[in-house]
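Each remark here refers to the structure printed beneath this line.
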Amino acid sequence: RPQIMQIKQVHNHKVLRVQKSVFGPACSSAGYRKADDEMSGTTSQTEPIDATARTVLLNRPQNTKFCDNHVSTTKYGIFTFLPRFLYEQIRRAANAFFLFIALMQKRHKADNTVNKKKTTVLRNGAWQTIIWKQVAVGDIVKVTNGQHLPADMVIVSSSEPQAMCYTETSNLDGETNLKIRQGHSLTASVQSVEELMGLAGRLECEGPNRHLYDFTGTLRLDNHNPVPLGPDQVLLRGAQIRNTQWVVGIVVYTGHDSKLMQNSTKAPLKRSNVERVTNMQILVLFCILLVMALVSSIGAAIWNKQHTDEACWYLSRAGDISLNFWYNLLTFIILYNNLIPISLLVTLEVVKFTQALFINWDMEMYYSETDTPAMARTSNLNEELGQVKYLFSDKTGTLTCNVMHFKKCTIAGITYGHFPDLECDRSMEDFSNLPSSSNNSTEFDDPALIQNIEKNHPTSPQICEFLTMMAVCHTVVPEREEDQIIYQASSPDEGALVKGAKSLGFVFTARTPHSVIIEALGKEMSYELLNVLEFSSNRKRMSVVVRTPTGKLRLYCKGADNVIFERLNETSQYKDLTIVHLEQFATEGLRTLCFAYVDLEEGAYQEWLKKYNSVSTVLKDRAQKLEECYELIEKDLLLLGATAIEDRLQSGVPETISTLMRADIKIWVLTGDKQETAINIGYSCKLVTHGMSLIIVNEDSLDATRATLIAHCSSLGDSLGKENELALIIDGQTLKYALSFEVRQAFLDLALSCKAVICCRVSPLQKSEIVDMVKKHVKAITLAIGDGANDVGMIQTAHVGVGISGNEGMQATNSSDYSITQMFGLHLLLHCFYFSLILILYRKISLSSQVFWGHCINALIHSIILFWFPLKVLEHDTPFQNGNSVDYLFVGNIVYTYVVVTVCLKAGMETTAWTRFSHLAVWGSMVLWMLFFAVYSVIWPHIPIAPDMLGQAGRVMQCWSFWLGLILVPAACLLKDVAWNAGRRTVRKSLLEEVQELEARAVDPGAAVLRDASGRSLNERAHLLTRVFRKTPSSVGRSNSVQQTVSHGYAFSQEEHGVVSQSQVVRSYDTTRQRPSL
């Protein structure tokens, strides 16, 4: 006993070992030996019984190759390191979980869906069906109507005259109108299998490149002269065959050599702000760990130098203590590794993964028509969804369905169509119940029009002439399938008008190279087609000259209201009424065209025809001289009325746009479509209102662009940089200069001063450049959404990319972070994260470093209280009745119990909404630990683990100081936190806390004016996302730099200056004859 007390005075650290040697351990030594035997890997192994006996030869070489005398006790070898290391890491649950998450985020499944699409190729003298990834260069491929092209190919022949082919490229460039491509005349007649198999020669072309609209090649067939090939003979992967029964082509570029894939970029590795901050803090903690380990190693070296074996003979340090500095450094790093919060990373990943599952399971974002759910393709960016400030959206297929419908018209001053009463704002929770795009309720529906014809209304002649013009003045080609007529239209507007005329009894039935045949109210009529005066963006109109069944020469002209009204005869009626109706149509976001006609004199027409024929053959400036010639005959028109076509929006688009704008999210529309079309959609989806002033910037040089942008910025004055009731409209040509280094800042300043921005005719590269500009200069979270391959660049550039699983292939979806089926799903996707992230995390993220280190300091204070308080209380404790004394396990179990209770109570203090799961997590964790502690203390020797823990729970529970500390220690830890929170909530409440208090008092938060941290008013009625008070409109007024326009809604889509002119197209068809089949 005196020896023990002396040792305790010398070195208190070794007292526990000596006490055990005198008073006896908690269990018998035999028990310990038994445990050692059972846990040892050496004593329990059985001897191998199948070892081969060996014979050793003396003084001569051995006949058998035995193993050499080299030994190795390392865990890894040169060749076994990688597999064994990976196996060792994957055995850890945390690493296995991270691997599981990584595998879940792979996108090969979506890629396989594309690669396994089927197509038809000519092999071994027969058409065979194969999957896309088996298509090879040189294959002859057949693609039918409605199918997407599996590779880039040169047209050989098609079902259309002169090897023409209609293709929709909205997936590539966003344009809604169909484009015409044409095979060379040398191969146009090669259609049968025998003829195709008989093709011999070679096709030479340039190497793979990313230029969508460039191609240079030469086709060298045996026994024929070489023929040049250009972009008009090429069909690109990703485009869709439309209005063409079949087309045959030779594959020139496949896979990643195709122009579509050449324009794609590698999927970037995106990280959220929270992840960046977390990584940085963990690196700092790791540096702190290294410093602590270094200081401890230096301290250990000093201590070891002062306390040698001779001076401290009683410590028996031999073999227990290392004197190697670097070994000690690594030891301390391992001991302190708990400083790195690995559990935090695992917890974040679990939460994110669970959120991703909820997105995938969300029935409100499920689209039943295509049986497609929403999909979180990554869980790394969930928290970014709650912080989006700028939204970049495509138009075609994203905002619109790319479906045109004739909806209303005005004829002779009378409007016809469906005019519903104004509906109240639809609840945002009802988006999933909106009518689908196939709903026919938006078709033209007004029996009054037909009734006016039948009852011989005074305007009946004008109505008949108007409907006749709808059925005659166009470039549509009819095609019969059994008893139905299918209209092939390169212009979606013309297709909608012809279908509208058909529904009203004026049916376009057939076309020959020189006539248009219609059936007007059951009576067949043939109009001789004399001339087609083609549409262009400069002309904004299209005309045809026909000879009516009665022998009259008549010119029908349709186009924009301003160009038609300029050419009206002074005696023309209904002008004022038509203008009023046009403004009404435009207010609803409809696309308008004015209709007019004039009867021509035979002599005047013949004189004009001579000029037309002469101009048609000139070589220089032919297009311009033709337009000047058209002007000579398009005059003295008589107004019939106007049509209104709906470019149908996707379900819930106006409501979604409105909600996001009220949430102070800036929306930019980036489209490859025409300016008039984009503006029209801006009005119809409520992005642009008729109270806004439009800033339209269309320049053709760098200097002009710079001057215009600077002038607009100057005119805004103090309003520059603030949100104004302005909409900026800019085209792709101007953007080329606006995005240059010297002009970019002026363009950005002007764009950020506008409430809406619409960029038209932009290329995929320009889309990504715009997103990148805002991403870098504004320092705000950006989101890009699109559905086509032309949207991939901006989807990958933005912080968050959302793809729409639409009709334009899976390219955008495969490159996105989240995929949805309709635009309304974006609101639901963002909305679910605003509550959990904007109100809770955004405040912390903005002060992430301070909050993180504040919690670290708080944890340090808690650890001091949790460790030293129990240690000091138990320092002078007396032995238990059985002779045992307080040891490190006894103190450790008490401290750990206090830690569990304190951490659970702290988590409860941070909880913002108490649910059954919250209660289960907080109180259940405490109870679970106590149960585990009790069981773990009695399982030995029944289960051969933890012999030192035997009886520990009983001794802890018998200690009165444990129960006293169970109340005092957690209370001491959390007293500071409670006081801090109470003081802060008294002095300065957060928005979330203010709402919580209102709800606790059963007060409707929507009826109260709330204020955020900056003192601005906020209203809960708008889901805590909107500002109660709208920003005051800018005092810019209607200066010369800002255009206050009244839109009449003109928009018309048709390919201009194509390989085949519109006149050639209509004169190539004779639908009264049988079409060739393949």
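Flag not set for VAL688, criterion: over 21 Å from LEU391 (Cα atoms), open to solvent by less than 10 Å² (accessible area, probe 1.4 Å) and of a type in the set (A, V, I, L, M). Among the residues that make up segment 389-398, is at least one of them touching a Phe, Trp or Tyr at 6+ places or on another chain (Cβ under 8 Å) and modelled with pLDDT under 85? No, segment 389-398 contains no residue that is touching a Phe, Trp or Tyr at 6+ places or on another chain (Cβ under 8 Å) and modelled with pLDDT under 85. Could we say that THR643 is in contact with a Ser or Thr (Cβ under 8 Å, 6 or more places away or on another chain), within 20 Å of GLY732 (Cβ to Cβ) and of a type in the set (Ser, Thr, Tyr) here? No. Within the set ALA356, ALA300, ALA293, the sole residue that is part of a helix (DSSP H, G or I) and in contact with a Lys or Arg (Cβ under 9 Å, 6 or more places away or on another chain) turns out to be ALA356.
Would you check which residues across segment 208-244 are surrounded by fewer than 17 Cβ atoms within 10 Å (Cβ to Cβ), touching a residue at least 40 places away in the same chain (Cβ under 8 Å) and part of a loop (DSSP other than H, G, I, E, B) and list them? Of everything in segment 208-244, those that are surrounded by fewer than 17 Cβ atoms within 10 Å (Cβ to Cβ), touching a residue at least 40 places away in the same chain (Cβ under 8 Å) and part of a loop (DSSP other than H, G, I, E, B) turn out to be PRO208, ASN209, ARG210, HIS211. Is there a residue being within 18 Å of GLN462 (Cα to Cα), among the hydrophobic types (A, V, I, L, M, F, W, C), open to solvent by 40 Å² or more (accessible area, probe 1.4 Å) and in a strand (DSSP E or B) anywhere in segment 520-540? Taking every residue of segment 520-540 in turn, at least one turns out to be within 18 Å of GLN462 (Cα to Cα), among the hydrophobic types (A, V, I, L, M, F, W, C), open to solvent by 40 Å² or more (accessible area, probe 1.4 Å) and in a strand (DSSP E or B). In segment 581-597 there is no residue matching the filter, namely being within 21 Å of ILE414 (Cβ to Cβ), open to solvent by 20 Å² or more (accessible area, probe 1.4 Å) and without any contact (Cβ under 8 Å) to a residue 24 or more places away in the chain.
Within segment 943-993, the set of residues being under 26 Å from ASN858 (Cβ atoms), open to solvent by less than 40 Å² (accessible area, probe 1.4 Å) and either among the acidic types (Asp, Glu) or outside any helix (DSSP H, G or I) (or both) comprises ASP977, SER990, GLU993. Could you list all residues from segment 617-654 that are more than 18 Å from PHE535 (Cα to Cα) and without any contact (Cβ under 8 Å) to a residue 60 or more places away in the chain? Hits for segment 617-654 are THR617, VAL618, LEU619, LYS620, PRO654. With the structure loaded, tell me whether SER189 is of a type outside the set (A, V, I, L, M) and open to solvent by less than 30 Å² (accessible area, probe 1.4 Å) or whether it fails that test. Spelling it out, it is not the case that SER189 is of a type outside the set (A, V, I, L, M) and open to solvent by less than 30 Å² (accessible area, probe 1.4 Å).
If you go through segment 134-156 one residue at a time, do you hit one that is buried (at least 24 other Cβ atoms within 10 Å of the Cβ) and at positive phi? The answer is no, given that none of the residues of segment 134-156 is buried (at least 24 other Cβ atoms within 10 Å of the Cβ) and at positive phi. Here TYR253 fulfils each of the conditions (1) closer than 30 Å to THR797 by Cβ; (2) at pLDDT 90 or above; (3) open to solvent by 30 Å² or more (accessible area, probe 1.4 Å) apart from (3). Put simply, of SER684, SER715, SER658 the only residue that is under 27 Å from SER170 (Cβ atoms), among the hydroxyl-bearing types (Ser, Thr, Tyr) and over 20 Å from the mean Cα position of the chain (by Cα) is SER684.
Going residue by residue through segment 90-113, is there one that turns out to be at pLDDT 85 or above, more than 30 Å from SER189 (Cβ to Cβ) and open to solvent by 20 Å² or more (accessible area, probe 1.4 Å)? Walk me through how you get there before you give the answer.
Quick first cut of segment 90-113, residues at pLDDT 85 or above only: none.
No - not one qualifying residue is present in segment 90-113.
Restricting attention to segment 67-85, and to residues there that are surrounded by 10 or more Cβ atoms within 10 Å (Cβ to Cβ) and of a type outside the set (A, V, I, L, M, F, W, C), which single residue is modelled with the lowest pLDDT?
LYS75
Scanning segment 138-169 for residues that are of a type in the set (A, V, I, L, M) and modelled with pLDDT of 90 or more returns ILE140, VAL141, VAL143, LEU149, ALA151, MET153, VAL154, ILE155, VAL156.
Just give me the residues in segment 816-855 being modelled with pLDDT of 55 or more and either part of a loop (DSSP other than H, G, I, E, B) or charged (D, E, K, R) (or both), in sequence order. Working first, answer last.
From segment 816-855, those modelled with pLDDT of 55 or more are 816-833, 848-855; that's our starting set.
Within segment 816-855, SER816, ASP817, THR821, GLN822, MET823 meet the criteria.
Within segment 617-624, one or more residues are open to solvent by less than 60 Å² (accessible area, probe 1.4 Å) and part of a helix (DSSP H, G or I). When the strands (runs of 3 or more DSSP E) confined to segment 718-815 are screened for residues that are open to solvent by less than 30 Å² (accessible area, probe 1.4 Å) and under 24 Å from ALA704 (Cα atoms), those reaching at least 1 such residues are found at 724-731, 754-760.
Could you tell me whether segment 118-132 includes any residue that is in contact (Cβ under 8 Å) with a residue 24 or more places away in the chain, part of a strand (DSSP E or B) and out of contact with any strand residue (DSSP E or B) (no Cβ under 7 Å at 6 or more places or on another chain)? Among the residues of segment 118-132, at least one is in contact (Cβ under 8 Å) with a residue 24 or more places away in the chain, part of a strand (DSSP E or B) and out of contact with any strand residue (DSSP E or B) (no Cβ under 7 Å at 6 or more places or on another chain), which makes the answer yes. If the condition is being free of Cβ contacts under 8 Å to residues at least 24 places away in the same chain and in contact with a strand residue (DSSP E or B) (Cβ under 9 Å, 6 or more places away or on another chain), then segment 323-357 contributes only LEU357. Every condition in (1) touching a residue at least 12 places away in the same chain (Cβ under 8 Å); (2) farther than 30 Å from PHE392 by Cα holds for SER614 except the one numbered (1).
The values are calculated or read from the model by the stated rules, or taken from the named source; none is laboratory data. It should be emphasised that the depicted structure is a prediction, and the values quoted were computed from it without experimental measurement. In this analysis, Cβ positions are derived from the backbone assuming ideal geometry, glycine residues included, and neighbour counts consider all displayed protein chains. Just the protein is used for accessible areas: all its heavy atoms, side chains included, with ligands, DNA and RNA removed. Shrake-Rupley method; radii C 1.70, N 1.55, O 1.52, S 1.80 Å.
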